[in-house]
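Enquirer: Attaching a single structure in structure tokens format; questions to follow.
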Amino acid sequence: MKKILTLAVAAVAFAGSAVAQEAKKDTMVFDVIKENKITSIKDQNQSGTCWAYSSYAFLEAEVLRLGKGEVDLCESFLVYNTYMDRADKAIRTHGDASFSQGGSFYDAIYGLKHHGLVPQSAMPAPGTPYGDSLFNANQLDAVTTAYVHALAKGKLKTINPVWRKDLNAIYTNYFGALPTEFEVDGKKFTPKSYADALGLNPDDYVSLTSYTHHPFYSKFVLEIQDNWRWAESYNLPLDEFIEVMVEGVKNGYTFAWGSDVSEKGFNSRKGIASVPVGKSNDKTGSDAARWTGDNFKGATIAGGDDEMTITQEMRQVAYDNWETTDDHGMLVYGLAKDQDGKEYFMVKNSWGEYGPYKGMFYATKSFVAYKTMNIVIHKDALPKKIAKKLGLK
């Protein structure tokens, strides 16, 4: 009896210890190393417009960095103009250039240069033209994609330019009319004069990436469907790519971050993105998958709390085999460390105030090294030796 009681007490103690350890794992405590100013969290809701929200989060942070105050830029203005431009490209290429809800950071830089900027107050709030409180692009996408594809991939021998008026009418009904003039604090602006007043120069921003199928220290067109404007990115070795990010943040800069968030290590519930040690045990098509309904894709079969050490080769293989995909745009604005001293990038998302950090999350350096597609950052954020190698100094 005494022996049984002793074993029971030991079992309870062990279970309590296990629970405590599990709680410790779930409770992440972060100390800020460097945090740069950003604007409030927004919600892209049911729309594939992360590229617009993250790009404008970046430009809003740039306005703060330049000492111009806090602004709320209108994503509808960017999305409307971009979709019209994208439809034009799709039709001109007979559908070879893709037409979808997605986009790239360069769409915002291009828009800054050619269309200007407007504040949110100059257009209806997202969703309000059709009785909603946030974007819901499901019906819009179905209609516009069908319309553009009918022209781009149809058997028409000539295209009547009236299609632009038709498509414009659809976007006007959904987003509201594009403003040509508006007031801010009693002063009149056009979209281009407003962009000028904010001090943003589109030529100051560069896209960077790190892949071995093109020479380092050169520029190339990143081969992803949403890079439909065929924008070029500077190519850096992985160590210098990460150096730009870390030093940029430490020196007061934010950057727009394009990444793959479909990985098992991206845990939106916990607000952490990491690359746990272990191999992907993909059993697609196996008996195990057939009977259990689970293909185990991305499952960790060896592990612990440590992370994989990311190499240039691993990064390239993941891109080449479509494991790393162009999923999501976000904003990196800071650096922090957890209770064990491990460093993370601080990330602003556009899914509303979800999760333990109310719309923010923390990404390890390994995750960023492995899963970053590209970043857009102010060219002055680059260390001088790296900028010189790229011909930017």
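Enquirer: From the phi angles alone, apply the Karplus equation (6.51, -1.76, 1.60; θ = phi - 60°) to the stretch 113-118 and give each ³J(HN,Hα) in whole Hz, x where the residue is Gly or Pro.
Expert: So the Karplus estimates, Gly and Pro as x, are 6, 9, 10, x, 9, 9 Hz.
Enquirer: When only C-alpha pairs under 8 Å and at least 6 residues apart count, what is the relative contact order of the stretch 34-140, in percent?
Expert: Rounded, it is 36 percent for the stretch 34-140.
Enquirer: P(r) for the stretch 137-292: what percent of alpha-carbon pairs falls in each 5 Å bin, starting at zero?
Expert: All Cα pairs considered, the percentages come to 1, 5, 8, 9, 11, 13, 14, 14, 12, 6, 3, 1, 1, 0.
Enquirer: Taking a cut-off of 28 Å, what percent of all Cα-Cα pairs in the chain are separated by more than that?
Expert: That tail contains 53 percent of the Cα-Cα pairs.
Enquirer: Taking every pair of Cα atoms in the stretch 96-148, average 1/r, invert it to obtain the Kirkwood radius, and report Rg/Rh to two decimals.
Expert: Rg divided by Rh gives 1.01.
Enquirer: Of the peptides 116-122, 57-63, how do they stack up when ordered by the mean number of other Cβ atoms within 10 Å, highest first?
Expert: By packing density, highest mean first, the sequence is 57-63, 116-122.
Enquirer: If you count the DSSP beta bridges with both ends in the chain, what percent of them are antiparallel, to the nearest 5?
Expert: Antiparallel: roughly 90 percent of the beta bridges in the chain.
Enquirer: Then there is this: Are there trypsin sites (Lys or Arg not before Pro) in the stretch 329-367 that DSSP puts in a loop and that have at most 14 other Cβ atoms within 10 Å, and which ones?
Expert: Lys358
Enquirer: Connecting C-alpha atoms closer than 10 Å in a GNM of the chain, tell me which of Lys264, Lys379, Lys187 has the biggest fluctuation.
Expert: Result: Lys187 has the largest fluctuation of those listed.
Enquirer: Starting with the highest mean, order 320-326, 267-273 by the number of other Cβ atoms within 10 Å, averaged over the residues of each peptide.
Expert: Highest to lowest by the protection proxy: 267-273, 320-326.
Enquirer: Measuring from centroid to centroid over Cα atoms, what is the spacing of the stretch 369-383 and the stretch 39-112 in Å?
Expert: Rounded to whole Å, the Cα centres lie 18 Å apart.
Enquirer: To continue, here is another question. Within a 10 angstrom radius of the beta carbon, how do Tyr333, Tyr56 rank from fewest other beta carbons to most?
Expert: Ascending number of Cβ neighbours within 10 Å: Tyr333, Tyr56.
Enquirer: What translational D, rounded to a whole number of µm²/s, comes out for the stretch 113-208 from Stokes-Einstein when the hydrodynamic radius is the Kirkwood one over Cα pairs, at 4 °C and 1.567 mPa s?
Expert: After rounding, the answer is 80 µm²/s.
Every number in this text was worked out from the coordinates using simple rules, so none of it is lab data. This one's a predicted model, so the numbers in the text were calculated from it and none came from an experiment. Positions of Cβ are backbone-derived with ideal geometry, glycine not excepted, and every protein chain shown enters the neighbour counts.
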